[in-house]
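Enquirer: So that we are looking at the same thing, I have put the structure below in structure tokens.
The values are calculated or read from the model by the stated rules, or taken from the named source; none is laboratory data. As the structure is a computational prediction, the values presented were derived from the model and not from experiment. Here the Cβ is made from the backbone with ideal geometry for all residues, glycine too, and neighbour counts use every protein chain on show. We work out accessible area using only protein heavy atoms, side chains counted, and drop any ligands, DNA or RNA first. Shrake-Rupley method; radii C 1.70, N 1.55, O 1.52, S 1.80 Å.
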Amino acid sequence: MKKKMLYLHERHGRLYVRVPYRKADGRWTTKEQRVYSEREAMDAIASIKHQLGEGGPATFDGERMTFADLLAEYRRTHPNKHRWYLDPMERYFGSRRIRSITYGDLKRFKQAREDIKKANGEDRKPATINRELEQLRGVLLLAVRHGWLLRNPFQAGPPLMVKSEEEHRDRVPTPFEEARLLAVCIPPREHLRPLIIATRDTGLRKSALLSLSWADVDLQNGLLLVPRGNQYKRRPKMIAMTARLRAELERMRAGADPDQKVFGSVKDFKRSYATACRLAGIEGLRFNDWRHGFATDLLEAGIPERIAMKAMGHANASTHQIYANLDERISRQIAEALDRLHAQRSGDEIHHPSSEMIQ
């Protein structure tokens, strides 16, 4: 009598393999697959065991997962992501199974986003397309981390995000523009003043500033902890505050809990910033340009280029290894040099017609 093959079952005249495995929550379940012969059954059993060994129990959770399901999980774990990045990809991929999405699909999505305004004679900037693709890559990476995808389809071909195609801005705010803009940061725009000073004197991005809690601020020693993340891994772990930034934070600190956000409930300030620029008579100055102003100030203040690159996180891998020992002492030197620069500027007379003064 022929011995029955383990995991092979017959139901209504059809052959199936059923391989049991334990899910992440500890419960047992089975992975079932239709086969047509014992030889095919052996291959199917081996394939199922290999997938379990590679991706773990979650590997089969992704078989039926749609992109909409994945995006819902991404929104849950990243509640602050803006809809204008996520909604287009949801409309494009929607009910597609995530395991059916290929590198070619990603290329077609990129082309679709590039074509979105061509009918109106407008071209979308490469930087905008790259930001959308970065968000899509992050969504798919979540599936890889959970084992729902074995590989991110972005890795199946040449890079889709070409940074060299982006237009590099060289707009840097002048001291005169800074004075005019800070002068209009009064109610109802007073929340802009510490944000502008903070990004100008630390080089931190807007997202990093808004994520800061008071637990990251050491007012006694005048230090800020740099947020975690790949975009800050080349920066020192702390930033020494300039005198004016420290004064702004001391004014705001009263009564705040350690876990409370430094900038409170501010989520976005595009409208108020645009209004402030209009009132100050400043055109074409984005909030991110203040970060470029920080880099320029470092050079103007006499900070050696290699230290300035480290402070901004702009060093390449070899330079980072050489100068990775930037410590609190050097960080304080940077803040003190910026203080001297600010004091020098305040002592210089800025010439402009009195009619241009802001009322």
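Enquirer: Between a residue in region 263-287 that is under 13 Å from Glu190 (Cα atoms) and in a helix (DSSP H, G or I) and any residue that is open to solvent by 20 Å² or more (accessible area, probe 1.4 Å) and not small (Gly, Ala, Ser), which pairs come within a Cβ distance under 6 Å, given they are 6 or more apart or on different chains?
Expert: Ser272/Arg189; Tyr273/Phe287; Ala276/Arg189
Enquirer: Next question, about the same structure. For region 13-27, state whether one or more residues are among the aliphatic types (A, V, I, L, M), in a strand (DSSP E or B) and modelled with pLDDT of 85 or more.
Expert: Checked region 13-27: at least one residue is among the aliphatic types (A, V, I, L, M), in a strand (DSSP E or B) and modelled with pLDDT of 85 or more.
Enquirer: Show the residue pairs that are 6+ apart or on different chains and have beta-carbon atoms under 7 Å apart, the first residue being within region 7-30 and over 12 Å from Leu52 (Cα atoms), the second being of a type in the set (Phe, Trp, Tyr) and part of a strand (DSSP E or B).
Expert: Qualifying pairs under 7 Å: His9/Tyr16; Thr29/Tyr21.
Enquirer: Further, regarding this structure: Would you pick out the residues in region 113-135 that are modelled with pLDDT of 90 or more and of a type in the set (A, V, I, L, M, F, W, C)?
Expert: Leu133 - this is the single residue of region 113-135 that is modelled with pLDDT of 90 or more and of a type in the set (A, V, I, L, M, F, W, C).
Enquirer: Let me ask another. Only residues that are hydroxyl-bearing (Ser, Thr, Tyr) and modelled with pLDDT of 90 or more: list them for region 173-201, please.
Expert: Across region 173-201, the qualifying residue is only Thr199.
Enquirer: Among the residues of region 248-262, count how many are assigned to a helix (DSSP H, G or I) and surrounded by 14 or more Cβ atoms within 10 Å (Cβ to Cβ).
Expert: Residues flagged as assigned to a helix (DSSP H, G or I) and surrounded by 14 or more Cβ atoms within 10 Å (Cβ to Cβ) within region 248-262 amount to 3.
Enquirer: What number of residues within region 271-291 satisfy the criterion of being within 18 Å of Ala198 (Cα to Cα) and either of a type in the set (Asp, Glu) or modelled with pLDDT under 80 (or both)?
Expert: Counting residues in region 271-291 that are within 18 Å of Ala198 (Cα to Cα) and either of a type in the set (Asp, Glu) or modelled with pLDDT under 80 (or both) gives 1.
Enquirer: Identify, by number, the condition in (1) buried (at least 20 other Cβ atoms within 10 Å of the Cβ); (2) touching a Ser or Thr at 6+ places or on another chain (Cβ under 9 Å) that Leu204 doesn't meet.
Expert: Evaluating Leu204 over (1) buried (at least 20 other Cβ atoms within 10 Å of the Cβ); (2) touching a Ser or Thr at 6+ places or on another chain (Cβ under 9 Å) leaves (2) as the failure.
Enquirer: On the basis of being at pLDDT 90 or above and more than 26 Å from Ser346 (Cβ to Cβ), does Arg235 make the cut?
Expert: no
Enquirer: Related question: Is there a residue in region 190-208 that is touching a Lys or Arg at 6+ places or on another chain (Cβ under 8 Å) and part of a strand (DSSP E or B)?
Expert: no
Enquirer: Could you tell me how many of the residues in region 2-51 are at positive phi and open to solvent by 60 Å² or more (accessible area, probe 1.4 Å)? Before the answer, list the steps.
Expert: Step one: of region 2-51, the residues at positive phi are 7, 12-13, 26.
Applying the additional criterion that residues be open to solvent by 60 Å² or more (accessible area, probe 1.4 Å) yields 12-13.
Matching residues across region 2-51 total 2.
Enquirer: Given the conditions (1) free of Cβ contacts under 8 Å to residues at least 12 places away in the same chain; (2) open to solvent by less than 80 Å² (accessible area, probe 1.4 Å), which single one is not true for Arg291?
Expert: Exception for Arg291: condition (1).
Enquirer: Let me confirm something: among Asp170, Asp105, which residue is at pLDDT below 90 and out of contact with any strand residue (DSSP E or B) (no Cβ under 8 Å at 6 or more places or on another chain)? Can you show your working first?
Expert: On the way: Asp105 fails: at pLDDT below 90.
It is Asp170.
Enquirer: Mind listing whichever residues of region 79-95 are surrounded by 14 or more Cβ atoms within 10 Å (Cβ to Cβ) and either modelled with pLDDT under 90 or of a type outside the set (Asp, Glu) (or both)? Before the answer, list the steps.
Expert: Narrowing region 79-95 to residues surrounded by 14 or more Cβ atoms within 10 Å (Cβ to Cβ): 81, 85-86, 88-90, 92-93.
Selection gives Lys81, Tyr85, Leu86, Pro88, Met89, Tyr92, Phe93.
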